[in-house]
Amino acid sequence: MPFSEGAFESTMPAALFSLRGRRALITGAGQGIGLMLARGLGMAGAEVVLNDKEPARLDQAVAMLRREGLAVEGCVFDVTDEKTIAIGLASLGRGEFEVGGGIDILINNAGIHQRAPLELMSTAAWQAVLDVNLTSAFLVTRGVVAGMLQRGSGKIINICSLNSEISRPTIANYAAAKGGLKMLTRAMAVEWGGRNVQTNGIAPGYMRTEMTDVLTVDPVWERLICARTPAGRWGEPRELIGAAVFLASRGADFVNGQIITVDGGLLAAL
Ligand SMILES: NC(=O)c1ccc[n+]([C@@H]2O[C@H](COP(=O)([O-])OP(=O)(O)OC[C@H]3O[C@@H](n4cnc5c(N)ncnc54)[C@H](O)[C@@H]3O)[C@@H](O)[C@H]2O)c1
């Protein structure tokens, strides 16, 4: 719809970026980036469903966000297992929002690393990383998108990586998965863009989370990341909230198939 005076109020930033009345699902949200994005979307007004495969971790995360006054609930399933995904989504459905768990915003965030030199990498390590970082986004989105298409609106955000673009030794499985996730993002954008479902990605740089603990405790890596990043430091998960709220909001209704890199400038630097 072209811009009209009547539409002015809904373009005021507070309304444009408000997620009030929206229901979001974030996978792998028991800790780290997913948990921080749940907090961010909740603070922007969304009702947030946190998923994780670790029930105790998920309970703790949900309890913490509830204490902060946010409208959240937990939903345990393994993002690689289509049966448990279906059971989880069915448990969320209600009333007119029966299909796909009634989810308006989906963030495919769950991810793992299993590092090994490529020539020594086991098939199991290759497959596990592909399953959790790439195939999961296909499986969970397929479960959720039917409801978005039925209601004629939805936002899907895939958490990609700098390794969607560049690699380094010992992470070939992860780079292959995140590169695939970038193209899956574009494929979803093309597939559903005509039905008002937008799909975009966020590519975080090096952020301090449990996943990167192994690097942050290593002084050589610590120095390398700081030297390589124009910002001169690691990122904090909360610095991804702005991009996530934007992509989940009406402000991004005409943004589709893009990857927003949030990396302190690393990817721009040689
Ligand atoms: N931390 C970084 O610097 C960084 C950089 C780029 C991209 N990423 C991506 O961001 C996402 C989150 O990373 P993080 O650093 O918060 O990781 P993290 O290890 O701190 O948290 C990941 C969460 O996902 C959950 N999870 C793992 N496998 C799952 C499964 N099969 N089903 C459901 N939940 C599962 C874990 O239990 C955990 O709670 C990942 O996709 C990661 O690849 C992280």
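The values are calculated or read from the model by the stated rules, or taken from the named source; none is laboratory data. Owing to the predicted nature of the structure, the values given are computational and were not obtained by experimental measurement. Virtual Cβ from ideal backbone geometry, glycine too; neighbours counted across all protein chains shown.
Side notes on the structure shown:
- For the stretch 42-62, residues that are more than 15 Å from the ligand (Cβ to nearest atom), in a helix (DSSP H, G or I) and either of a type in the set (A, V, I, L, M) or at pLDDT below 95 (or both) total 1.
- Filter pass, GLY179 being away from the ligand (no atom under 16 Å from the Cβ) and either assigned to a strand (DSSP E or B) or touching a helix residue (DSSP H, G or I) at 6+ places or on another chain (Cβ under 6 Å) (or both): no
- Test: residue in the stretch 136-156 that is crowded, with 19+ Cβ neighbours inside 10 Å, touching a helix residue (DSSP H, G or I) at 6+ places or on another chain (Cβ under 6 Å), free of Cβ contacts under 8 Å to residues at least 60 places away in the same chain and among the polar types (S, T, N, Q): no
- Qualifying residue in the stretch 200-212 (condition: without any contact (Cβ under 8 Å) to a residue 24 or more places away in the chain, over 30 Å from ALA146 (Cα atoms) and surrounded by 16 or more Cβ atoms within 10 Å (Cβ to Cβ)): yes
- Scope the stretch 71-96; condition touching a strand residue (DSSP E or B) at 6+ places or on another chain (Cβ under 7 Å) and either at pLDDT below 95 or more than 13 Å from the ligand (Cβ to nearest atom) (or both); matching residues: ALA71, VAL72, GLU73, SER91, LEU92
- Identity of the residue in the stretch 135-176, within 11 Å of the ligand (Cβ to nearest atom) and touching a His at 6+ places or on another chain (Cβ under 9 Å), that ends up farthest from VAL49 (Cα to Cα): ILE171
- Within the stretch 199-254, being under 28 Å from ALA15 (Cβ atoms), outside any helix (DSSP H, G or I) and away from the ligand (no atom under 13 Å from the Cβ) holds for THR199, ASN200, SER249, ASP253, PHE254.
- From the list GLY251, GLY193, GLY235, GLY180, the lone residue that is closer than 16 Å to LEU106 by Cα and in contact (Cβ under 8 Å) with a residue 12 or more places away in the chain is GLY193.
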